[in-house]
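**Q** The structure's right below; bear with me while I get my questions together.
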Amino acid sequence: MKRLCASLLVGSIALAAFCSTAVAETIKVGVIATFSGPNAIWGKQFQEAIQVYVAQHGKEVAGNTVEFVYKDVGGPNPDASKAAAQELLIREGVKYLAGFDFTPNALAVAPLITQAKVPAVIFNSATSAINKQSEFFVRTSFTLWQVTVPAAHWAASNGAKKIVTAVSDYNPGVDAENAFVSAFEEKGGTVVEKIRMPLQTTDFAPFLQRIKSSGADTVFAFLPAGPATFAFTKAYNENGLKQAGINFIGTGETDESTLDALGDQAIGLTTAQHYSAVHDSELNKAFRAKHAEMFPKSTLNPASVGAYDGVHLIYKLIEAAGTDGSEAIEAAKGLSWESPRGPVSIDPASRHVIQNVYIRRVERDGSRLVNREFDVIESVPDLGFSR
Amino acid sequence: MSANSTIAAARPQIRGAATFLPPIILLAGAFVAFWLFPYDLGFMTRILIMMVFVLSFDLILGYAGIATLGHAAMYGCGAYAAGLFAIHVSADPLLGLAIGAAAGALIALVSGLLLMRAHGLSLLMLSIAVTMVLQETASKARGITGGADGLTGISMGPVLGIFEFDFIGKTAFWYAFCVLFVILLVLRVVVASPFGLALRGIKDSPSRMRAIGTPLYRRKVAAYVLGGAIAGIAGALTAQITSLVSIEAFNFALSAEVMVMLVLGGAGRLYGALIGTLVFMTVHHIAAGIDPFNWLFVIGFMVLAVVFFLPEGLISLPKRLMRLD
Amino acid sequence: MTVALSIVVDGIAYGMILFMISIGLSVTMGLMRIVNLAHGGFALLGGACAHVLTNSYGIPFIPALLVSVMAVVVLALPLERLVYRHIYRFSELEQVLATIGIVFIMIASVNLFLGSTLLPIRMPPVVSSPVDLGFKVLPLHRIIVILAGLAVVTALYLLVERTRFGIYLRASVDNQATAASLGIDTPKVYLAAFALGAALAAFGGILGAELLPIEAYYPLRYMVLFLIVVAVGGMGSIIGSFVAALSLGILDTAGRYLLPDIGTIFFFLAITAVLALRPNGLLVKSS
């Protein structure tokens with residue numbers, strides 16, 4: 001009797017396992033991002049990139065249909081992010097989570113995904129430490145250390161001797177400052193002054209005065225995209241820093257979503273980033289063409305490629321592991337593919353994307369401003385993970 | 001408003017059903033919601049916490065007539081205090097609530113001593129300034145608070161040593177509900193007490209209250225501290241249930257939203273605070289789910305409609321329907 | 001010495017922008033006594049209009065500025081007749097709620113048509129060129145704003161204190177019934193004052209956009225800033241707002257020069273001190 005029961009049990013498990021791989025099912029992916037409020041641009045960029053990827057590659061993966069469920073959290077709001085994740089995991093039964101624009105929103109779901117063994121693919125949040133909070137985080141965007149260290153190295157080997165850093169006074173800014181200063185000093189450069197500017201401010205005249213009188217030949221800046229960047233780059237020109245011969249180097253300040261708003265004064269700004277909308281490759285051209293066809297009024301930016309590659313990764317994981325989260329994470333480690341940004345792979349140690357970092361300069365291209373790549377630092381991992 | 005308060009003052013004579021019915025409805029509502037929406041426990045828990053927060057503001061604005069735009073100060077302090085307490089001292093949730101209440105009360109006392117001397121626009125601005133200073137301090141004290149990334153590493157023990165926080169959020173839901181229920185009962189006693197009546201008197205006619213010898217300033221500070229303690233509890237609940245505190249807890253938008261929810265439901269009525277919170281958050285949730293890009297239209301028109309057609313708040317809707325005007 | 005001079009010059013330039021973006025609120029909230037949280041909404045609508053005109057239609061800045069201000073006035077007139085007229089009678093709290101509702105709808109409208117990203121207003125390139133004052137380099141834009149601010153404060157002062165309209169307005173706000181019985185057409189006076197407030201909001205928003213760029217959430221993002229200027233200036237005082245804006249500009253700038261690490265904390269602590277000592281505004285002695 002016992003034996004019969006046991007064999008029945010084994011049989012039914014085998015059947016269940018058979019069903020879950022062979023019979024087509026709908027696999028849901030929950031996307032948690034900001035679709036409303038002042039930061040709605042994140043959710044919009046994510047959603048567009050997802051739709052472009054699906055339009056190019058179809059909804060079917062290994063016989064399963066992939067469906068995306070979107071949840072708005074309205075900005076940096078960990079409470080809403082956690083509740084959204086709970087709802088997605090329990091009601092919708094999602095097998096993968098994705099999205100995550102702000103760091104606290106990603107951190108808030110860490111205990112949940114560990115418990116549920118559901119992989120969460122981060123499309124943006126750039127704090128290195130996130131991936132330490134759960135084994136189930138994988139990231140397809142960038143980290144501040146990953147793009148800032150190459151910026152410092154490039155500046156050091158291209159004539160910068162004395163640097164002043166000017167960053168917004170919040171965690172990402174401080175992260176960027178630490179990364180830049182340590183990398184620049186390593187290369188023998190001098191950091192003459194470290195300036196931290198209040199996050200809310202848009203009047204930068206006092207800080208530019210300090211930059212000017214610091215005697216530096218280059219300023220490294222880090223500010224959140226939006227009004228702060230707008231006002232800073234304006235002030236950089238208006239206060240005569242350009243004329244005084246102080247070069248600008250940054251990272252995400254010339255994001256495509258605000259680049260046209262900066263206007264012609266942005267021309268010549270040099271930044272280090274992992275993706276430019278005009279990256280010269282066949283794959284990126286196809287991505288851009290499809291995106292322009294589907295969303296003619298919109299533009300691609302690093303958030304777009306983070307989401308595009310994130311979906312690609314999720315498709316690959318479904319192919320490899322179906323709905324088994326732990327297996328999927330193992331499959332993600334070491335995975336490599338050709339992305340619109342260039343060759344990428346997932347570092348098995350940090351579960352973060354290894355990628356090229358490009359040095360770009362803002363140029364005018366017809367009616368638009370673009371980040372034109374002119375130099376590259378190849379295969380950069382997340383340099384902040386081990387710190 | 002003054003007509004309302006005389007009705008409420010005369011209420012002790014007609015106790016009975018009116019006293020017990022609302023808490024019973026609330027309890028029944030929680031059971032029905034728990035049973036009907038088992039997948040939305042996370043969201044419903046957020047509503048419950050927000051109800052605690054809006055109730056605390058009702059005591060200050062609705063009863064004592066103190067209009068501030070910095071109520072998040074106490075909420076944020078309660079959240080950080082409870083979070084840090086859980087990380088460094090004890091993972092017991094109820095002790096954490098007490099710490100959150102103490103932190104909220106303390107910051108309310110310190111700032112209230114100054115704020116309660118001010119009126120009108122300068123009171124609004126002072127309360128905003130206090131919150132801004134706290135937010136900036138939390139942002140700068142990265143070593144302690146985690147700064148803009150948020151305070152992580154909070155891991156709570158079981159409630160009363162028995163109920164573990166579970167994945168689905170059942171414990172969190174009932175925990176938040178019990179806290180709300182107790183606070184509601186306490187506030188019912190408070191607003192019917194001589195202290196509560198004195199607060200209404202201060203709001204409706206301060207000069208008369210001064211004439212009969214009520215120490216206005218001390219009463220207002222006391223109300224502010226009590227409201228602060230409850231706001232601190234709301235903050236502590238968030239910290240414990242989300243296991244993360246971010247500097248957004250001090251947001252100006254949060255203070256403003258709390259005021260909108262309260263006035264929407266009906267300031268000066270405890271159940272008005274509950275209804276306003278429920279309606280605002282539910283409408284927001286549903287509208288944002290349907291069209292995240294344009295839900296603000298819905299909220300905007302709803303707020304305008306209430307202020308124009310139901311100036312005493314949503315809670316006056318049944319009465320208005322009854323009178324058919 | 002050079003630092004002190006820099007603080008004063010940069011502070012005045014920044015303070016004048018604060019004055020320009022909040023002067024409309026000084027009129028509606030300070031003079032007309034409505035808690036008008038929708039003030040930034042009018043600046044947003046003006047700025048969005050100027051953005052569309054200069055960017056999409058290539059209209060030069062000055063005509064675009066004038067058209068945008070006119071457009072906001074044209075919108076404000078029916079809004080006053082249909083909505084705001086009722087709001088005047090509300091309690092302060094209801095005014096808060098009503099004007100928040102209005103500003104939500106304004107934000108949602110701009111968001112619907114133009115999205116939530118920055119809405120730059122194209123200006124002639126010469127405006128952003130640096131001007132060397134001998135001791136300091138200042139963008140031409142700031143000099144224009146300083147001149148415009150001086151012009152606006154003079155004109156408003158004369159309008160409120162020296163003209164019949166000013167007398168009517170002050171009389172209507174102080175006691176509407178008495179003013180009406182004296183033959184003052186109070187609804188018309190309110191309408192004109194409201195339109196003036198909206199026009200100034202749009203004008204200030206567009207001129208200040210170089211520093212506080214226009215985007216859909218502009219009215220909420222800078223609401224605290226507008227309110228601070230009016231609170232420190234004191235209700236009902238144009239000159240008070242002017243002095244407050246310049247003082248706050250210098251104060252904030254001084255904080256950034258001298259205490260950059262705790263600039264924001266310093267600024268709000270200073271405001272707390274000012275409001276604690278002078279609860280009715282900088283120029284009004286507490287009774």
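**Q** Of the residues A:Ala166, A:Ala156, which is more than 17 Å from the chain's Cα centre (by Cα) and surrounded by fewer than 24 Cβ atoms within 10 Å (Cβ to Cβ)?
**A** Values: A:Ala166 fails: surrounded by fewer than 24 Cβ atoms within 10 Å (Cβ to Cβ).
Result of the check over A:Ala166, A:Ala156: A:Ala156.
**Q** On to the next question. What are the residues in the stretch B:267-302 that are within 12 Å of chain C (Cβ to nearest Cβ) and of a type in the set (S, T, N, Q), if any?
**A** Matches in the stretch B:267-302: B:Asn294 only.
**Q** Okay, next question. Within the stretch A:117-141, count every residue that is in contact with a helix residue (DSSP H, G or I) (Cβ under 7 Å, 6 or more places away or on another chain), within 10 Å of another protein chain (Cβ to nearest Cβ) and within 23 Å of A:Gln273 (Cα to Cα).
**A** So the first thing to find is which residues in the stretch A:117-141 are in contact with a helix residue (DSSP H, G or I) (Cβ under 7 Å, 6 or more places away or on another chain), and the list is A:117-128, A:130, A:133-141.
Of the ones still in play, those that are also within 10 Å of another protein chain (Cβ to nearest Cβ) are A:125, A:127, A:130, A:133.
Going one step further and asking which of them are within 23 Å of A:Gln273 (Cα to Cα), we end up with A:125, A:127, A:130.
Within the stretch A:117-141, residues that are in contact with a helix residue (DSSP H, G or I) (Cβ under 7 Å, 6 or more places away or on another chain), within 10 Å of another protein chain (Cβ to nearest Cβ) and within 23 Å of A:Gln273 (Cα to Cα) number 3.
**Q** If you take just the helices (runs of 4 or more DSSP H) that sit entirely in the stretch B:144-258, which of them hold at least 1 residues that are β-branched (Val, Ile, Thr)?
**A** Helices (runs of 4 or more DSSP H) meeting the threshold: B:170-192, B:194-204, B:216-242.
**Q** Among the residues of the stretch A:313-328, write down those that are part of a helix (DSSP H, G or I) and either within 15 Å of A:Tyr53 (Cα to Cα) or in contact with a helix residue (DSSP H, G or I) (Cβ under 8 Å, 6 or more places away or on another chain) (or both). Can you show your working first?
**A** Initial filter on the stretch A:313-328 (part of a helix (DSSP H, G or I)): A:313-321, A:325-328.
Across the stretch A:313-328, the qualifying residues are A:Leu313, A:Ile314, A:Tyr315, A:Lys316, A:Leu317, A:Ile318, A:Ala320, A:Ala321, A:Gly325, A:Glu327, A:Ala328.
**Q** Do any helices (runs of 4 or more DSSP H) lying entirely in the stretch C:16-121 carry at least 1 residues that are within 14 Å of chain B (Cβ to nearest Cβ) and surrounded by fewer than 23 Cβ atoms within 10 Å (Cβ to Cβ), and which ones are they?
**A** C:61-79, C:92-114
**Q** Can you tell me which residue is nearest to the chain's Cα centre (by Cα) among those in the stretch A:82-116 that are within 11 Å of chain B (Cβ to nearest Cβ) and of a type in the set (D, E, K, R)?
**A** Among residues in the stretch A:82-116 that are within 11 Å of chain B (Cβ to nearest Cβ) and of a type in the set (D, E, K, R), the one nearest to the chain's Cα centre (by Cα) is A:Lys82.
**Q** Before we move on, is C:Ile87 closer than 30 Å to B:Gly265 by Cβ, within 21 Å of the chain's Cα centre (by Cα) and free of Cβ contacts under 8 Å to residues at least 40 places away in the same chain?
**A** On the way: closer than 30 Å to B:Gly265 by Cβ: yes; within 21 Å of the chain's Cα centre (by Cα): yes; free of Cβ contacts under 8 Å to residues at least 40 places away in the same chain: no.
So C:Ile87 fails the test.
**Q** Among the numbered conditions (1) surrounded by 21 or more Cβ atoms within 10 Å (Cβ to Cβ); (2) within 13 Å of another protein chain (Cβ to nearest Cβ); (3) aliphatic (A, V, I, L, M), tell me where B:Ala305 comes up short.
**A** (1)
**Q** Output the residue which, of all residues in the stretch A:43-75 that are of a type outside the set (Val, Ile, Thr) and buried (at least 24 other Cβ atoms within 10 Å of the Cβ), is farthest from the other protein chains (Cβ to nearest Cβ).
**A** My answer is A:Ala49.
**Q** Then there is this: Hand me the list of helices (runs of 4 or more DSSP H) wholly inside the stretch B:265-325 holding 3 or more residues that are modelled with pLDDT under 80, more than 30 Å from A:Phe46 (Cα to Cα) and not charged (D, E, K, R).
**A** B:317-323
**Q** Looking only at residues in the stretch A:238-278 that are facing another protein chain (nearest Cβ under 9 Å) and part of a helix (DSSP H, G or I), which one is farthest from A:Asp175 (Cα to Cα)?
**A** Across the stretch A:238-278, the extreme among qualifying residues is A:Asp264.
**Q** Say we look at the stretch B:124-172 and pick out the residues that are among the acidic types (Asp, Glu) and surrounded by fewer than 14 Cβ atoms within 10 Å (Cβ to Cβ); which of these is farthest from the other protein chains (Cβ to nearest Cβ)?
**A** Among those residues, the one meeting the criterion is B:Glu164.
**Q** If you go through the stretch C:122-131, how many residues are more than 8 Å from every other protein chain (Cβ to nearest Cβ) and surrounded by 17 or more Cβ atoms within 10 Å (Cβ to Cβ)?
**A** 1
**Q** Failed condition for C:Tyr257, given (1) surrounded by fewer than 21 Cβ atoms within 10 Å (Cβ to Cβ); (2) within 11 Å of another protein chain (Cβ to nearest Cβ); (3) farther than 23 Å from A:Glu238 by Cβ; (4) of a type outside the set (A, V, I, L, M, F, W, C), with all others met?
**A** Going through the list (1) surrounded by fewer than 21 Cβ atoms within 10 Å (Cβ to Cβ); (2) within 11 Å of another protein chain (Cβ to nearest Cβ); (3) farther than 23 Å from A:Glu238 by Cβ; (4) of a type outside the set (A, V, I, L, M, F, W, C), C:Tyr257 breaks only (3).
**Q** In addition: Filter the stretch A:199-226 down to residues that are farther than 22 Å from A:Ala266 by Cα, in contact with a strand residue (DSSP E or B) (Cβ under 8 Å, 6 or more places away or on another chain) and within 14 Å of chain C (Cβ to nearest Cβ), then give me how many there are.
**A** 1
**Q** Within the stretch C:132-170, track down each residue that is within 14 Å of chain A (Cβ to nearest Cβ) and either more than 22 Å from C:Ala245 (Cβ to Cβ) or part of a helix (DSSP H, G or I) (or both).
**A** The answer is C:Asp132, C:Gly134, C:Phe135, C:Val137, C:Leu140, C:His141, C:Arg142, C:Ile143, C:Ile144, C:Val145, C:Ile146.
**Q** Would the stretch C:179-194 turn up any residue that is part of a loop (DSSP other than H, G, I, E, B) and either surrounded by 17 or more Cβ atoms within 10 Å (Cβ to Cβ) or facing chain A (nearest Cβ under 9 Å) (or both)?
**A** Within the stretch C:179-194 (the criterion being part of a loop (DSSP other than H, G, I, E, B) and either surrounded by 17 or more Cβ atoms within 10 Å (Cβ to Cβ) or facing chain A (nearest Cβ under 9 Å) (or both)), the answer is yes, since at least one residue qualifies.
**Q** Which fully enclosed helices (runs of 4 or more DSSP H) of the stretch A:52-165 have 2 or more residues being among the hydrophobic types (A, V, I, L, M, F, W, C)?
**A** Hits in the stretch A:52-165: A:78-87, A:103-116, A:144-156.
**Q** Let me ask something else about it. Being modelled with pLDDT of 90 or more and within 17 Å of the chain's Cα centre (by Cα) is the requirement here; does B:Gly65 meet it? Spell out how you get there, then give the answer.
**A** Details: modelled with pLDDT of 90 or more: no; within 17 Å of the chain's Cα centre (by Cα): yes.
No, not satisfied.
**Q** Given the conditions (1) surrounded by fewer than 17 Cβ atoms within 10 Å (Cβ to Cβ); (2) closer than 30 Å to A:Gly63 by Cβ; (3) modelled with pLDDT of 90 or more; (4) of a type outside the set (Phe, Trp, Tyr), which single one is not true for A:Arg364?
**A** (2)
**Q** Cβ contacts < 7 Å: first residue more than 7 Å from chain C (Cβ to nearest Cβ) and assigned to a helix (DSSP H, G or I), restricted to the stretch B:112-123; second residue among the small types (Gly, Ala, Ser) and buried (at least 16 other Cβ atoms within 10 Å of the Cβ), any location; separation 6+ or different chain. Result?
**A** B:Leu115/B:Ser127; B:Leu123/B:Ala67
**Q** Right, something else. Taking the stretch C:263-285, which residues are under 19 Å from C:Ala4 (Cα atoms) and more than 7 Å from every other protein chain (Cβ to nearest Cβ)?
**A** C:Phe266, C:Phe267, C:Ala270
**Q** Tell me which residues, restricted to the stretch B:218-254, are closer than 17 Å to B:Asp58 by Cβ, surrounded by fewer than 23 Cβ atoms within 10 Å (Cβ to Cβ) and within 12 Å of another protein chain (Cβ to nearest Cβ).
**A** Residue satisfying the conditions is B:Leu254 alone.
**Q** Return the residue satisfying two criteria in turn: it lies in the stretch A:282-325 and is in contact with a Lys or Arg (Cβ under 7 Å, 6 or more places away or on another chain) and modelled with pLDDT under 90, and of such residues it is surrounded by the most Cβ atoms within 10 Å (Cβ to Cβ).
**A** A:Gly325
The values are calculated or read from the model by the stated rules, or taken from the named source; none is laboratory data. Predicted model only: the values in this text are computed from it and were never measured. As a convention, Cβ positions derive from the backbone with ideal geometry for all residues, glycine included, and neighbour counts pool all protein chains shown.
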